[in-house]
Structures are given as C-alpha cells and as structure tokens.
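As structure tokens, the structure follows; a few thoughts come after it.
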Amino acid sequence: MFEEPNLIAYHLHKDKYLFYGKEAKNLIGKLPKIIKIIFPVQKGVIHDFDALFNLIDLIKQEQIMRFWKDLKFVFPFTYAVAGVPGFATEIEQKAAQEVLKKAGFNKVFLVPSAVATAYSLVDDVFSADPFVVLDMGAGKTEVSVVSRGGVILSRYLDIGGDFFDERIKNYLHLKYAIVIGRSTAEALKHSLLAFSGKDKSSLVKGKALDTGLPKELKVSTSELQEAVFPVLGRIVEQLKDLMEEIPPEIVGDITKNGVYIVGGLAKIPGIRKYFEENVKIKINKPDRPTKLLIDGLMRISRSRSALSAVSLPEIL
C-alpha cells in the first residue's frame, strides 16, 4: 500500500502535468510561476476533474502498471473502490465515477467514507452497535453515526487541517507582523501544536511584513493553541449538535461505544482528552488515525458481498 498527498504540478506553457504527491508538496512555494501546484480534491470532493484524472493516471502508471509490464497477457479486468463523504451530491458522486472510469477502471464502487472507516474500527460493521466517527481531514470535518453497515446521521464542516494552517499563518501575521508560507505553518502544527504536556517553543523563519526582509522569532505551543481554539470550538459544537439529534433509541449505545476520532487532526497530542473534557463523552483514538479509510476500503475491496452491501447505487 502506498499513500500520496492530493497534489499535482502543472506546467502552464507546456500544458503538461509533471509530478505529484510528496514531490509536489515539498516544492510548494519553491517553483517558478510557469509551474502551478493544483489540489484536485478540495473539501472532500473533486475540484479539478482533469487534474485528478492525470494524478490517478500518473499513480497508476508509476505505482501499479510497473508490476504488470513483464507479463505477457492483456491487463485484467480492474475495479476501483473509492470513499466519498456523506454530503457529496449526485453530481459529485458521478464525477468520481467518471474520473476513475476514464482512468481505465472497468467498474467503480463508491462507499461512504464513514462506513469504510468503520470497517477498520470494528470486526463486523453489520452487527456492530451504533458509534460515532469524527473524521477531521485536511479540507473538511465530518461527524457520522454509523450502525449496522450504514450511516444514520451525519454533519459536515468545510474546515480541517488546511484551515488550521491558515489560522496559524494569520495569527503570526497579526501578532508579529511576519509572513510565513503554508509549508512552514504545517510544519509548526505537526511539531509544536499539542493539548498535553509542557509548553514548548520553536524558532520560525519568515519575512517581516514592514521591510520584506527575513525575520526569525520564537513561537510557543500555547500560542498555536490560541490560534486554533476558534476552529476547534466549531468542531466541538458540530459534535454536540449531532449528539443532540441522535435518536433516543441509540443514546445508550453511543454513550457506551463513544466517538472515534480519525484523520490528520486526530494525531495532535492531547486531542482525545480535549474532546472528552468539552463534549463529556467517551473518546476513542485509534493507533493509526490517518490509515483507517484506506485500510477499510482495502478490506471492502476483497469481498464482493461487502462491496454489494455498502457501495452506493451507480449513478447513470
């Protein structure tokens, strides 16, 4: 299994897609203007169809087809299994189907992301009692009640890890008149942001707003907390709102099983305790919160019966 960030580099003059994933991410802010970094998927849905097709095609050629190049028979029937957020419209679901079919997959199965994640959380999603999945990804946050292989209730916010990065950038801009890049803000989030342990600090390099010259300053964990607290507050309120709408018949199950926090933001140290203190409910933090969706999709892909049971109807 391999993972690549949702980025691809496009050469404006040559009308050509050059590289993608980790390589593209490491070069954000370091490329000439004729090369544009594109995020094909934004806030959980397709934003740029052509860019996503080329991203899938590059991954397919470099990561998949190389395993078949020495074989002497025709490439076999292939199918793709993809997770889609619960708020995706039929048009957005259709776009996901079409881009994967255009990439060469004979059949496409779309599965609600919360259900796919649940496959990695419980042994049997079809017999599991109701529980909540709070998925805090890069571009969106989705909270869902999952039960018996389906979603009972879900809520969505268009904020996630990327929004945290913007908050950190804006906070330092306003407080210290320093301009930092997206990659620098993300690195600070990963290395310094925490809700447990002692207050740490780190040097950050950027550009002075008044002079445009290089500027260096020390930033603390408590300052990053101050920067992102308003965003976390919105996620807490979203979770509380969903809890209020849960049918009374399953309140006991939810109280017993609790909430599973997944996605990139679930990796922040102390985030589990933060939610427990603010929502007053059991919070579960899996060991690999960013791997669950992919692992769940892989489990589903190995079972034709599971594909039939949990995949969304094909949109014609």
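Taking the chain as a Gaussian network of alpha-carbon nodes connected by springs under 10 Å, the highest mean-square fluctuation of the residues 148, 272, 302 belongs to 302. A convex hull fitted around the alpha carbon atoms of the range 143-191 yields 102 Å³ per residue. Measuring spread by the Cα atoms of the chain yields a radius of gyration and Dmax of 21.2, 64 Å. Backbone amide hydrogens, once placed in the peptide plane, bring residue 312 within less than 5 Å of 110, 111, excluding anything fewer than 5 places away on its chain.
Dividing the summed helix terms, -39500 (n - 2.57) for each DSSP H run of n ≥ 4, by the number of residues in the chain produces a 222 nm estimate of -11500 deg cm²/dmol to the nearest 500.
Here's how it looks for residue 86: its modeled amide H is under 5 Å from those of 113, 114, which are all 5 or more places away or on a different chain. Of all complete DSSP H helices in the chain, not one has a Cα span along the helix axis of 20 Å or greater and a mean Kyte-Doolittle hydropathy of 0.5 or more.
For the listed peptides 115-128, 5-18, a ranking on the average number of other beta carbons within 10 Å per residue, highest first, reads 115-128, 5-18. Does the range 161-227 come out rounded, prolate or oblate, given a ≥ b ≥ c as the square roots of the eigenvalues of its C-alpha gyration tensor, rounded meaning a/c under 1.5 and, failing that, prolate meaning a/b above b/c? Taking the square roots of the gyration eigenvalues as a ≥ b ≥ c, the range 161-227 is prolate. Close amide-amide hydrogen proximity is noted between residue 195 and 270, 271, each under 5 Å apart and 5 or more residues distant or on a separate chain (H modeled in the peptide plane; Pro and chain starts excluded).
Read-outs: derived from the displayed coordinates by stated rules, not from any lab. Please read all numbers here as calculations on a predicted model, not as lab measurements. Please note: Cβ atoms are built from the backbone with ideal geometry, for glycine as well, and neighbour counts cover all protein chains shown.
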